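These notes are about the structure you will find just below.
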Amino acid sequence: QVQLVESGGGLVQAGGSLRLSCAASERTFSTYGMGWFRQVPGKEREFVAAISRSGFTIIYADSVKGRFTISRHNAKNTVYLQMNSLKPEDTAVYYCAASGADSAQRMPAAYDYWGQGTQVTVDS
């Protein structure tokens with residue numbers, strides 16, 4: 001059982017930056033592909049970014065490409081999401097997730113473990 005704990009959310013002005021972190025309890029962290037998703041009330045969970053086990057494969061949603069950067073530090077069992085040039089439409093609860101699949105995955109169904117989420121609010 002992998003436990004994931006997100007941190008780094010908060011309130012930021014439009015155009016600002018935040019860095020989310022997701023710490024995993026599992027020492028086999030490097031065997032999991034990791035992803036970030038977000039969700040607003042009344043809408044489905046939306047893919048944001050994903051990174052493969054090795055970190056060599058990275059994919060982004062079109063809505064965040066060029067503004068967000070996903071990275072991982074396997075020795076620290078942590079995945080990060082650097083968010084720059086934030087917009088009000090980025091406001092959501094952000095979740096990290098771990099997948100047993102080798103490659104980076106877009107679909108929530110590919111992920112086996114989820115964190116509790118961290119709120120990001122972008123004020124216009």
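The values are calculated or read from the model by the stated rules, or taken from the named source; none is laboratory data. These numbers were taken from a predicted model, which means no experiment stands behind them. As a convention, Cβ positions derive from the backbone with ideal geometry for all residues, glycine included, and neighbour counts pool all protein chains shown. In case anyone asks, the SASA skips ligands and DNA or RNA and just uses the protein heavy atoms, side chains included. Shrake-Rupley method; radii C 1.70, N 1.55, O 1.52, S 1.80 Å.
Observations
- Tail weight of P(r) past 15 Å, computed on alpha-carbon pairs of the stretch 36-95, percent: 50 percent
- For the stretch 74-117, the percent of C-alpha pairs falling in each 10 Å distance bin, counted from 0 to the bin holding the largest distance, reads 20, 49, 29, 3.
- Here the Kirkwood formula puts the hydrodynamic radius of the chain at 14.1 Å, using every distinct Cα pair.
- Taking a point 7 Å from the Cα of ALA110 along the Cα-to-Cβ direction, the residues of the stretch 15-35 with backbone N closer than 18 Å to it are 30-35.
- Across the chain, the mean sequence separation of Cα contacts (distance under 8 Å, 6 or more residues apart), normalised by length, yields a relative contact order of 36 percent.
- Label-point gap, in nm, between GLN119 and ARG27 - each point 7 angstrom along Cα→Cβ: 3.7 nm
- In the chain, taking the dipole from charged Cβ atoms about the Cα centre, the farthest positive-side position among SER99, GLN13, SER30 is held by SER30.
- Straight-line cross-link reach from LYS65 at under 23 Å between alpha-carbon atoms covers these lysines, not counting any fewer than eight positions away in the same chain: LYS43, LYS87.
- The stretch 1-63 - Rg over Rh from alpha carbon coordinates, Kirkwood radius: 0.99
- Taking the chain as a Gaussian network of alpha-carbon nodes connected by springs under 10 Å, the highest mean-square fluctuation of the residues PRO88, PRO108, PRO41 belongs to PRO41.
- Accessible area (Å², 1.4 Å probe, nearest 10) - TRP36: 0 Å²
- Relative packing of peptides 91-100, 77-86, 23-32 - highest average C-beta neighbours within 10 Å first: 91-100, 77-86, 23-32
- Assuming charge only on the beta carbon of Lys and Arg (+1) and of Asp and Glu (-1), the dipole of the chain about its Cα centre is about 240 debye to the nearest 20.
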